[in-house]
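The values are calculated or read from the model by the stated rules, or taken from the named source; none is laboratory data. The structure presented is a predicted model; accordingly, all values stated were derived computationally and were not measured. With ideal geometry, Cβ positions are generated from the backbone for all residues, glycine too; neighbour counts draw on all protein chains shown. For the accessible areas, the whole protein counts, side chains as well, though only heavy atoms, and no ligand, DNA or RNA atoms are used. Shrake-Rupley method; radii C 1.70, N 1.55, O 1.52, S 1.80 Å.
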Amino acid sequence: MEVLFTKDNAWLKKWDEFVLNEDKASHLLLSEWNKSFQKYGFDYEICIALNNEKIIGGYAAVIAKALFFKFYIIPFGPIISETNLSDFNELIAQVPIRAKFLNCCYAHITLPVSEIVSKHSYEDLPELSILNLATEGHLFKYVYSSNGLNWKSFDSIKDEEELLESLKVNLRRDIRSSIRKGLVIKELSSESELKKGYDLCLENAKQNNYSLREWKSFKETLLHLIEKKQAKFIAAFKDDDLKGSMFLVKSGNYYTYIFGGTKKEKPDLLVGHFLQFEAMKIGIKENFSGYNISLGGSKGVINLKNSYADFQILFEHSKFHWKLKPFYLRLFLFLNKRLKSNKKLISKIVSIIRRK
């Protein structure tokens, strides 16, 4: 096995193609997704594992920087193809080696390991002796790491009607009702259309007190993902009036629901149900094995997501870290704990960090 660390565009294109078609992959591995961290003053790189010049695995690393602290963060992975599992230990071992080379004080990984049998996660792995030198869990919380998949299976579902019949009675009722209300689906593509769809999602985020990046900081990432056919931004209209929008990203032979937003009106057009149904229809048309409606959110959002999912593929004993410079790490954790309650001071520090 040969290992390559790169940000070369030719290699990134090959890597993204691997991520789209490798069942164990996640959107967190896509090059454009990781480039977006540069807006925060962070860096990134892709590690590609090769066998006879063919990509067999790898990972995407976010290199988080804060003053004189550096962290090597793998939000998802490393991953490796099933036929090359014998090389998995060696690939994982590259993480602390590379992190030390880059003078990082800490590194962590997120292996997609689950007790649920699925082609989108690992179940039985060979002995990974490198993990004997790591500690379970994550200490750095400022880059999202995956906890699993909230899975709607498309096994044996061939068309829209079979999909509808696979859902709970109340969901079928709401979806049929939304269709009767005259909603029309559209895939957004131009920058002006995408901004309107995104603004609606941003408005929902503010109303429901959760964070979503401002348009100017996410615009470039969103446009590039859609241009490369790695994502879709779909929207629901009635009488040419935007009623709801949803962002989906493709990887691992499935789509993941990232975020969405709807107008709150009376009578209720049930736009959220309409969009989720359309998202699943897209996956079926592309012959995908299922749809990741994603984990997390408010209690109401979690309940809604879980009503669509057949089961959850939760990653267990999957998060490990290495303390590469214990003194620096302890200092960071000390400062982080003391500063958490002082939002004004944190804001000043973040502004300094971003200028570095």
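With every protein chain in place and a 1.4 angstrom probe, the accessible-area ranking of 280, 1, largest first, reads 1, 280.
Solvent-accessible area assigned to carbon and sulfur over the chain amounts to 51 percent, based on a 1.4 Å probe.
Residues 7, 285, 181, 206 ordered from highest to lowest accessible area at a 1.4 Å probe: 285, 206, 7, 181. Taking Cα centre as origin and charging only the Cβ of basic (Lys, Arg, +1) and acidic (Asp, Glu, -1) residues, the dipole magnitude of the chain rounds to 2340 debye.
A probe of 1.4 angstrom, applied to the heavy atoms of all protein chains, finds residue 8 with accessible area near 80 square angstrom. Averaging the Cα positions of each part gives two centres, and for segment 51-99 and segment 229-282 these lie 33 Å apart. Structural descriptor for segment 208-274: relative contact order 20 percent, calculated from alpha carbon pairs under 8 angstrom and at least 6 residues apart. With contacts taken as Cα pairs under 8 Å at a separation of at least 6 residues, the chain carries a relative contact order of 22 percent. The share of C-alpha pairs in the chain whose separation exceeds 31 Å stands at 37 percent. Considering only 312, 72, 46, the residue lying farthest towards the positive end of the dipole of the chain is 72, judged by Cα position with unit charges set on Cβ. Backbone phi angles across segment 330-338, fed through the Karplus curve with coefficients 6.51, -1.76 and 1.60 (θ = phi - 60°), yield HN-Hα couplings of 4, 5, 4, 5, 5, 5, 4, 5, 6 Hz in residue order; Gly and Pro are listed as x. The mean of 1/r over all pairs of different alpha-carbon atoms in segment 84-136, once inverted, gives a Kirkwood hydrodynamic radius of 12.4 Å.
Put the Cα centre of segment 132-158 next to the Cα centre of segment 18-45 and the gap is 15 Å. Of 213, 330, 180, the order by accessible heavy-atom surface (1.4 Å probe, DNA, RNA and ligands excluded), from most exposed downward, is 180, 330, 213. With only the Cα atoms considered, segment 1-94 has a convex hull volume of 91 Å³ per residue. Dipole size of segment 23-86 about its Cα centre, with +1 on Lys/Arg Cβ and -1 on Asp/Glu Cβ: approximately 260 debye, rounded to the nearest 20.
Between residue 255 and 292, the built amide H atoms are under 5 Å apart, and every one of these is 5 or more places off in sequence or on another chain.
Label positions at residue 317 and residue 135, each projected 7 Å from the Cα along the C-beta direction, are separated by 1.9 nm. Computed packing ranks the peptides 125-132, 112-119 as 112-119, 125-132, most packed first, by mean other Cβ atoms within 10 Å.
Helices in the chain, meaning DSSP H runs of at least 4 residues, each add -39500 (n - 2.57). Divided by all residues, the mean residue ellipticity at 222 nm is -11500 deg cm²/dmol.
Annotation: residue 268 carries an accessible surface of approximately 90 Å², with a 1.4 Å probe and no ligand, DNA or RNA atoms counted. Based on the alpha-carbon gyration tensor of segment 133-292 and its eigenvalue square roots a ≥ b ≥ c, which shape applies: rounded if a/c is under 1.5, prolate if not and a/b is larger than b/c, or oblate? The shape class here is oblate.
Accessible surface computed residue by residue for the chain, with neighbouring protein chains in place and a 1.4 Å probe, gives 50 Å² per residue.
Compute the Cα gyration tensor for segment 194-254, then decide on rounded, prolate or oblate, letting a ≥ b ≥ c be the square roots of its eigenvalues: rounded whenever a/c is under 1.5, prolate when a/b is larger than b/c in the other cases, and oblate in all that remain. Cα axes put segment 194-254 in the oblate bin. For segment 107-218, the gyration tensor built on C-alpha atoms gives an oblate shape. Its axis ratio a/c (a ≥ b ≥ c) is at least 1.5, and a/b is not larger than b/c.
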